[in-house]
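Nothing in this text is a laboratory measurement; each read-out follows from the coordinates by a stated rule. All values derive from a computational prediction rather than experimental measurement. Methodologically, a virtual Cβ is constructed for each residue, glycine included, from the backbone with ideal geometry; neighbour enumeration extends over all protein chains shown.
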Amino acid sequence: MTTPAILFDVRRVTRRFGGLTAVDGVSFSVAQGECVSVIGPNGAGKSTLFNLLTGADMPDEGVVRFDGEDVTGYAPEQLARRGVARTFQHGRVFGNLSVLDNVLVGAHARLGAARPGLPVAGALAELWRALVPARQVREEESRLREEARAVIARFGTRLAPRIDAPAHSLSYANRRRVEIARALMLCPRILLLDEPTAGMNESETAEMLELILELKREGLTILLIEHKLDLVMRLSDLVLVLDDGRKIASGLPEAVRHDPAVIEAYLGHRQLGEVRDERIAAADIARNEADQTRHETS
Ligand code: ADP
Ligand code: MG
């Protein structure tokens, strides 16, 4: 059996904000087909680490390799073109675009530098149509729309009936689903999910778990930030624990769970974090329900 290729190989990356070291000499790697989870209390440096891997931010020290190539400091679109897709902790969708168009945006990077962009809206669409022969545009456009519909269908009745609705009319949980759908449109080689179930209730969380398990079964490599430990235990091949920017443990889920350093550092803090998270989650769920009543009754 051949060993799977290493997709991300991260060596001693450090990111400082003034006097604060948000990520402090962290090393780890993610092999093809694996699900690696990053856990740790609020402020541990998890989202900053994601930013360093996706080009949203640059490390002060250290090296990030992707599939053997040194990609340290690459821009987000350069990484996207290599198949690195992500979602954000505080979901980002284009409020005035429909669900379908939001998802179509994800195909941008895939179309590559040599080809004109995707006809999403306005001036960009006009430029695209002016540059490419009409028949070719129509074929490409309808092919991608079909693909986007298929990706949206993965989210069942949550998104499909709302495919033409503007994203601003969606519930919080649905906006997170749109973001994941958009990331999948890239046909990613690795998917980075930053707290995909934040603000979701129990049944929504269970649905998300099923979806991530399915993506994993299909062979997608996943890097996950997640607070819900039962989810982490179910999904991960490897768990990385951060505290104050430093890696304090890594290993198999069960081993990490029983690591005394993790219990002390992570679970100790977590009681504080949990109170805050619960408050945020309660607010999200309230907003979610209000949104559903307001926009989704039909
Ligand atoms: P986590 O995702 O684990 O909760 P973050 O990576 O968001 O943690 O933050 C790690 C630390 O870095 C926190 O103390 C946070 O306040 C700080 N931080 C993150 N981004 C910035 C920034 N752009 N400027 C200054 N400080 C930041
Ligand atoms: Mg975070």
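Under 5 Å from the amide H of residue 72 lie the amide H atoms of 64, each residue being 5 or more positions distant or on a separate chain, with H modelled from the backbone and absent for Pro and chain starts. With the simple model of a label 7 Å out from the Cα in the direction of the Cβ, residue 217 to residue 163 spans 2.4 nm. Using the Cβ-Cβ distance between residue 65 and residue 258 with R0 = 30 Å, the FRET efficiency computed as 1/(1 + (r/R0)^6) comes to roughly 0.45. Label sites at residue 202 and residue 42, each approximated as a point 7 angstrom past Cα along Cα to Cβ, lie 2.4 nm apart.
Report the residues of the range 2-23 in range of a label on residue 237: point 7 Å along Cα→C-beta, backbone N strictly under 16 Å from it. Residues passing the 16 Å test: 2-10.
For residue 150 and residue 135, calculate 0.36 nm times their separation in residues minus their Cα-Cα distance, and state this gained length in nm to one decimal.
Taking 0.36 nm per residue and subtracting the Cα distance, the gain is 3.1 nm.
Less than 5 angstrom separates the built amide H of residue 248 from those of 241, 242, 243, all sequence-distant by 5 or more or on a different chain.
What the Cα atoms of the range 23-67 give is an Rg and a Dmax of 11.0, 30 Å.
Amide H to amide H, with H built 1.01 Å from N, residue 221 comes under 5 Å of 33, 191, counting only residues 5 or more places away or on other chains.
Comparing 200, 227, 183 along the charge dipole axis of the range 157-267, the residue lying farthest to the positive side is 183, per the Cβ-charge model.
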